[in-house]
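The values are calculated or read from the model by the stated rules, or taken from the named source; none is laboratory data. Not measured: the values here are computed from a predicted model. Note: ideal-geometry Cβ built from the backbone for every residue, glycine included; neighbour counts use all protein chains shown.
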Amino acid sequence: MYDTIVVGAGVAGAVIAGELARRGGEKVLVIERRKHIAGNCYDEYDEYGIMVHVYGPHIFHTSIERVREYFSEYTDWYDFGHEVHANVYGKIINVPFNLNTLHAVYDEEKAARLEDKLVKEYGFDSRIPILTMKENPDEEIREVAEYVYENIFLKYTMKQWGKKPEEIDSSVTARVPVVISRDNRYFGDKYQGMPLAGFTAMFEKILDHENIHVQTGIDAKEVLEFKDDKIYYEGELFEGKVIYTGLTDELFDYEYGHLPYRSLRFKFEHHKKESYQGCSVVNYTVDEDYTRITEFKYLTGQVNTPETTIVKEYPESYTGSNTPYYSINNEENDGMFAKYKAKADRYKGLYLLGRLAEYKYYNIDAIADRSLKLADELLKEEVH
Ligand code: FAD
Ligand code: UDP
């Protein structure tokens, strides 16, 4: 009946299903265990009529032309250069730390001297990971790095990961480098913005095709069985493709152990006033139990509402009964994942795709790019 079964209707699942159906003319079944599509990008109007992101704030940003063009077929954009502030003992500074932040933190003369030094050392418009900057031989540059480390990274990272910046994969803190320019935006990408009608509406359009059948509220395990290198759908041998975007350790009943994740608890609050913090995101980098507060109206552009909804993010361990959000990539965990991947490779037609399935810290654009490329490969194979 179906050429392909896709497990999960998040970014990875929706993009691959849409491509196989449209470009390949395939009949695709999408099985999603949540009651809705769009995965962690899911957004909806809350009871006060304010658009909220149920699984934390999501901003689209990319420098990949193909990805920008691809999503633009399914949505118009609210052009939005996301800026983040940090609350450092009540003082508000810009994150990432940039030349404007430098001038906010140091007196005029010192800031001018440091700016000269930083531009000479790294070049204007460069982006330096904090752990790299901390190793600079120049004492004054190290002093800036120390300020940034202590006031922006150390306590936030302890909250988010339960570990110090040097104890986690260096690519994680490198996502928020020190920026040697006056660009206050959080991301350095060419395109930044929000789908005008929201992420869910965009993914609805991607999945809206006569060849795609979406079933929500069903766990793949209810209908799919993976046994002795063969896949069964509703008890019958299935010889089509299965694109799996869920947890790979769960797929194989934790045979090699549980892959560790970090989770988050979201606390939504509605406030009967026009504005709570006057901007989209404030990071709490030195105190509080939560890492950041998002005020949705400034993220989505829905600014003309008389009241406001915010969310606070409390990091916690993944226990199996909360949601796995972030893979914890290190040698040991990546080694465990490699065993699961080798096992998955034994199943003809099974492909692991996505943040969970590949145990990888993908942004929306990176996983969309990967999904488009997998579709290219699969469709090429079929032609030959
Ligand atoms: P998911 O969105 O997790 O989708 C996987 C889907 O598979 C889920 O819906 C799940 O229910 C379903 N599933 C799993 N197992 C089964 C099963 N057995 N049966 C049926 N269904 C199953 N990226 C950005 O680019 N910009 C941002 O601003 C940004 N902010 C983020 C903020 C937070 C708090 C988090 C956690 C992530 C953020 N991301 C952001 C990353 C973004 O969420 C991911 O890139 C994206 O969601 C990955 O899509 P995915 O399809 O791989 O996974
Ligand atoms: N980070 C930090 N302080 C900040 C912002 C980020 O210490 O104010 C660190 C923290 O370790 C975080 C990582 O940088 O996990 C990546 O931040 P990003 O905002 O990309 O995280 P995400 O939005 O994916 O949760």
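What about LEU131, is it of a type in the set (A, V, I, L, M) and away from ligand 2 (no atom under 16 Å from the Cβ)?
Against the criterion (of a type in the set (A, V, I, L, M) and away from ligand 2 (no atom under 16 Å from the Cβ)), LEU131 does not qualify.
Quick check: anything in the stretch 48-57 modelled with pLDDT under 95 and either of a type in the set (A, V, I, L, M, F, W, C) or farther than 26 Å from GLU250 by Cβ (or both)? Break it down stepwise before answering.
Kept after step one, since they are modelled with pLDDT under 95, are these residues of the stretch 48-57: none.
No: zero hits.
Is at least one residue of the stretch 4-17 surrounded by fewer than 18 Cβ atoms within 10 Å (Cβ to Cβ), within 16 Å of ligand 1 (Cβ to nearest atom) and not in a strand (DSSP E or B)? Spell out the reasoning first.
Going residue by residue through the stretch 4-17, those that are surrounded by fewer than 18 Cβ atoms within 10 Å (Cβ to Cβ) are none.
Taking every residue of the stretch 4-17 in turn, none turns out to be surrounded by fewer than 18 Cβ atoms within 10 Å (Cβ to Cβ), within 16 Å of ligand 1 (Cβ to nearest atom) and not in a strand (DSSP E or B).
Within the stretch 170-184, track down each residue that is more than 10 Å from ligand 2 (Cβ to nearest atom) and either touching an Asp or Glu at 6+ places or on another chain (Cβ under 6 Å) or small (Gly, Ala, Ser) (or both).
SER170, SER181, ASN184
Could you run through the stretch 44-71 and say how many residues are away from ligand 2 (no atom under 16 Å from the Cβ) and crowded, with 16+ Cβ neighbours inside 10 Å?
The total comes to 8.
Might you let me know whether the stretch 355-365 holds any residue that is crowded, with 20+ Cβ neighbours inside 10 Å, part of a helix (DSSP H, G or I) and within 13 Å of ligand 1 (Cβ to nearest atom)?
Checked the stretch 355-365: at least one residue is crowded, with 20+ Cβ neighbours inside 10 Å, part of a helix (DSSP H, G or I) and within 13 Å of ligand 1 (Cβ to nearest atom).
Which residues, counting only those in the stretch 18-43, are under 18 Å from the mean Cα position of the chain (by Cα) and assigned to a strand (DSSP E or B)?
Once the filter is applied, which keeps residues that are under 18 Å from the mean Cα position of the chain (by Cα) and assigned to a strand (DSSP E or B), the stretch 18-43 yields only ASP43.
Regarding SER327, is this residue over 21 Å from VAL172 (Cα atoms), touching a helix residue (DSSP H, G or I) at 6+ places or on another chain (Cβ under 8 Å) and within 16 Å of ligand 1 (Cβ to nearest atom)?
no
Could you check the stretch 242-309 for strands (runs of 3 or more DSSP E) lying wholly inside it with 3 or more residues that are surrounded by fewer than 18 Cβ atoms within 10 Å (Cβ to Cβ) and not aromatic (Phe, Trp, Tyr)?
261-271
Quick one: in the stretch 214-241, of everything that is farther than 21 Å from TYR70 by Cβ and under 26 Å from the mean Cα position of the chain (by Cα), which residue is surrounded by the fewest Cβ atoms within 10 Å (Cβ to Cβ)?
Filtering the stretch 214-241 for residues that are farther than 21 Å from TYR70 by Cβ and under 26 Å from the mean Cα position of the chain (by Cα), the one surrounded by the fewest Cβ atoms within 10 Å (Cβ to Cβ) comes out as GLY217.
Need pairs with beta-carbon distance below 7 Å; first residue crowded, with 18+ Cβ neighbours inside 10 Å and within the stretch 167-187, second among the acidic types (Asp, Glu) and in a loop (DSSP other than H, G, I, E, B); sequence gap 6+ or separate chains.
Pairs found: ILE180/ASP125.
Being under 18 Å from TYR89 (Cα atoms) and in contact (Cβ under 8 Å) with a residue 40 or more places away in the chain is the filter here; which residues of the stretch 293-320 pass it?
The answer is LYS312, and nothing else.
Given (1) within 16 Å of ligand 2 (Cβ to nearest atom); (2) part of a helix (DSSP H, G or I); (3) acidic (Asp, Glu), identify the lone condition not met by GLU332.
(1)
Counting only residues that are away from ligand 2 (no atom under 12 Å from the Cβ), in a strand (DSSP E or B) and of a type in the set (Val, Ile, Thr), how many does the stretch 75-106 have?
Result for the stretch 75-106: 1.
HIS209: in a strand (DSSP E or B) and more than 15 Å from ligand 1 (Cβ to nearest atom), yes or no?
no
Modelled with pLDDT of 95 or more, more than 30 Å from LEU196 (Cβ to Cβ) and exposed (fewer than 13 other Cβ atoms within 10 Å of the Cβ): is that true of SER317 in this structure?
yes
Take the residues in the stretch 65-108 that are within 16 Å of ligand 1 (Cβ to nearest atom) and of a type in the set (A, V, I, L, M, F, W, C), then tell me which one is nearest to VAL303 (Cα to Cα).
Ranking the candidates gives PHE80 first.
Would you mind stating whether ASN363 is within 15 Å of ligand 2 (Cβ to nearest atom), in contact with a His (Cβ under 9 Å, 6 or more places away or on another chain) and of a type in the set (S, T, N, Q)?
yes
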